[in-house]
Amino acid sequence: MRRTLYDEDHEAFRSIARTFLAKEVVPFHDEWESEGQVDRRIWTLAGAQGLLGTDVPEQYGGGGIKDFRYNAVLSEETIAVGASGVGFTLHNDVTAPYLVEFTTDEQKQRWLPGFCSGEIITAIAMTEPGAGSDLQGITTTARRDGDDFVLNGSKTFITNGIHADLVLVVARTDPEAKAAHGLSLIAVERGMPGFERGRNLDKIGMKAQDTAELFFDDVRVPASNLVGELNQGFFHLMSMLPQERLSIAVAAVAGARAVFDRTLSYAKERHAFGRPVGSFQHNRFVLAEMATELEFAETYIEKAMLEHNAGRYTVTDAAMAKWWTTEMQKRVVDRCLQLHGGYGYMREYPIARAYTDTRITTIYGGTTEIMKEIVGRSLGV
Ligand SMILES: Cc1cc2nc3c(=O)[nH]c(=O)nc-3n(C[C@H](O)[C@H](O)[C@H](O)COP(=O)(O)OP(=O)(O)OC[C@H]3O[C@@H](n4cnc5c(N)ncnc54)[C@H](O)[C@@H]3O)c2cc1C
């Protein structure tokens with residue numbers, strides 16, 4: 001069915017993103033995969049093209065348009081070329097909302113221009129070695145001492161963890177408070193004494209994405225780096241997680257589409273028993289099923305983005321979208337690899353990389369099981 005989500009302004013933005021990726025990212029991605037991280041330079045190059053902070057107010061150097069469709073366009077283009085190392089989505093879709101919605105004017109002036117130019121790369125650090133799905137189990141502490149918070153603890157699996165200049169750290173500011181209460185968001189900046197990065201973690205996929213451990217040992221963070229309200233961190237996270245999950249869902253649908261389109265071409269070209277492999281009835285049915293699932297997913301995700309833009313998108317909506325689209329992507333990628341036969345297992349084929357790059361999507365941003373818990377609870381069961 002015809003897509004109606006994007007207008008000519010989005011398509012113009014797509015064209016900028018596509019040109020940028022083709023010139024500055026695709027030719028270097030293999031090299032970055034060997035190095036375990038992208039060249040930092042691409043961040044400022046992307047900033048110069050207006051690809052960072054499209055929804056940040058213009059006075060701070062952003063695009064000034066609050067429209068998630070621009071985020072989606074950049075994500076779709078990045079995924080279509082398999083640039084899994086580029087952490088723009090985390091920056092634009094996940095950390096930007098906190099820096100726009102919960103910061104003071106002084107903080108905005110300090111951080112947002114660099115955010116948009118690519119000079120300040122951001123990350124968000126919730127997960128700890130002992131607390132992932134259960135954020136209420138966070139043990140990193142930020143104790144108030146004079147004009148500072150003193151931060152102690154560690155985080156793991158942090159996207160952009162090596163490159164990040166500004167990390168929104170979720171820490172316990174009230175040790176007496178129960179469960180969700182008593183957490184706050186503290187912005188830790190590169191170079192603060194006691195803030196160390198650990199390993200750039202060795203993942204099965206997304207080889208050029210820097211995913212790191214972070215350590216905080218008596219880091220003195222000025223109280224002026226508190227983002228949002230004291231002890232309200234958990235509730236701030238809950239209000240922004242729908243956008244993070246929608247972002248993952250958009251990427252999952254785009255990723256599945258890219259893999260499917262390539263596989264369809266392969267299934268027409270590759271012959272066995274004198275016929276294209278896609279023409280065997282079993283494979284034709286597999287392709288038909290995937291084409292149908294994608295059509296449904298694309299239609300659904302368009303509606304989800306419009307609901308989000310209208311401010312009506314709920315935690316439950318996002319949980320549904322996140323688990324279903326990422327599980328669909330996992331199914332599609334697996335079946336597409338099968339259709340490639342042995343070549344599908346070779347990393348020189350995009351499908352092999354997609355297989356390992358995308359396996360994480362049902363886990364990060366909240367696992368499928370946690371998403372179903374959220375949906376289930378909304379049903380009163
Ligand atoms: C590449 C990558 C990038 C990441 N980026 C970030 C980042 O930028 N910032 C950040 O803070 N975190 C990040 N994460 C962490 C990610 O969000 C967590 O890994 C995820 O939330 C799961 O937490 P966990 O790994 O501790 O698993 P656990 O919570 O230990 O879960 C283990 C298993 O138990 C299941 N489980 C847990 N609780 C329940 C339950 N109540 N009911 C049913 N099943 C349950 C889970 O679904 C899972 O299958 C990233 C992770 C990876 C791998």
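The values are calculated or read from the model by the stated rules, or taken from the named source; none is laboratory data. Bear in mind the structure is a predicted one, so any value in this text is a computation, not a measurement. So basically every Cβ, Gly included, is an ideal-geometry build from the backbone, and we count neighbours across all protein chains shown.
Only one residue in LYS203, LYS178 is surrounded by fewer than 20 Cβ atoms within 10 Å (Cβ to Cβ) and under 17 Å from the mean Cα position of the chain (by Cα), so which one is that?
LYS203
Within region 174-192, which residues are of a type in the set (A, V, I, L, M) and modelled with pLDDT of 95 or more? Matches in region 174-192: LEU183, LEU185, ILE186, ALA187, VAL188, MET192.
Looking for whichever is under 22 Å from ASN309 (Cα atoms), part of a helix (DSSP H, G or I), without any contact (Cβ under 8 Å) to a residue 40 or more places away in the chain and among the small types (Gly, Ala, Ser) here; the options are ALA12, ALA72. Which one fits?
Numbers: ALA72 fails: without any contact (Cβ under 8 Å) to a residue 40 or more places away in the chain.
When all the criteria are applied, what remains is ALA12.
Taking every residue in region 209-238 that is farther than 30 Å from TRP32 by Cα and pairing it with any residue that is among the hydrophobic types (A, V, I, L, M, F, W, C) and part of a helix (DSSP H, G or I), at least 6 positions away or on another chain, the pairs with Cβ-Cβ distances below 8 Å are VAL227/LEU99; PHE234/LEU135; LEU237/LEU135; MET238/VAL315. Just one of the listed residues (GLU106, GLU119) is assigned to a loop (DSSP other than H, G, I, E, B), surrounded by fewer than 24 Cβ atoms within 10 Å (Cβ to Cβ), away from the ligand (no atom under 16 Å from the Cβ) and at pLDDT 95 or above, and it is GLU119.
Which one of ALA318, ALA304 is within 16 Å of the ligand (Cβ to nearest atom), surrounded by 20 or more Cβ atoms within 10 Å (Cβ to Cβ) and either farther than 25 Å from VAL81 by Cβ or among the aliphatic types (A, V, I, L, M) (or both)?
Details: ALA304 fails: within 16 Å of the ligand (Cβ to nearest atom).
The match here is ALA318.
If the condition is being farther than 21 Å from GLY85 by Cβ and within 14 Å of the ligand (Cβ to nearest atom), then region 145-178 contributes GLY153, SER154, LEU168, VAL169, VAL170, ALA171.
Free of Cβ contacts under 8 Å to residues at least 40 places away in the same chain and farther than 30 Å from LYS66 by Cβ: is that true of THR127 in this structure?
Answer is no for this residue.
Checked against (1) farther than 13 Å from ILE248 by Cβ; (2) of a type in the set (Gly, Ala, Ser); (3) touching a residue at least 40 places away in the same chain (Cβ under 8 Å), ALA318 passes all but condition (1).
Of the set (1) more than 19 Å from GLY161 (Cα to Cα); (2) assigned to a helix (DSSP H, G or I); (3) touching a residue at least 24 places away in the same chain (Cβ under 8 Å), all apply to GLN59 but (3). Take VAL56 and decide whether it is modelled with pLDDT of 95 or more and under 28 Å from ILE204 (Cα atoms). So VAL56 fails the test. Of all residues in region 140-159, those satisfying the criterion of being touching a Ser or Thr at 6+ places or on another chain (Cβ under 9 Å) and surrounded by fewer than 16 Cβ atoms within 10 Å (Cβ to Cβ) are ARG143, ARG144, ASP147.
Of all the numbered requirements in (1) within 14 Å of the ligand (Cβ to nearest atom); (2) loosely packed, with under 15 Cβ neighbours inside 10 Å, ASP217 misses one, and that requirement is (1).
For ASP148, the conditions (1) on the phi > 0 side of the Ramachandran plot; (2) in contact with a strand residue (DSSP E or B) (Cβ under 6 Å, 6 or more places away or on another chain); (3) not hydroxyl-bearing (Ser, Thr, Tyr) are fulfilled apart from (1). For region 122-139, the candidate set comprises residues that are hydroxyl-bearing (Ser, Thr, Tyr) and within 9 Å of the ligand (Cβ to nearest atom); within that set, the residue that is surrounded by the most Cβ atoms within 10 Å (Cβ to Cβ) is THR127.
Conditions tested, residue by residue: (1) more than 15 Å from the ligand (Cβ to nearest atom); (2) crowded, with 17+ Cβ neighbours inside 10 Å.
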position: CYS336; (1), (2): yes, yes
position: HIS340; (1), (2): yes, yes
position: GLY344; (1), (2): yes, yes
position: GLU348; (1), (2): yes, no
position: ARG353; (1), (2): no, yes
position: THR361; (1), (2): no, yes
position: GLY366; (1), (2): no, yes
position: ILE374; (1), (2): no, yes
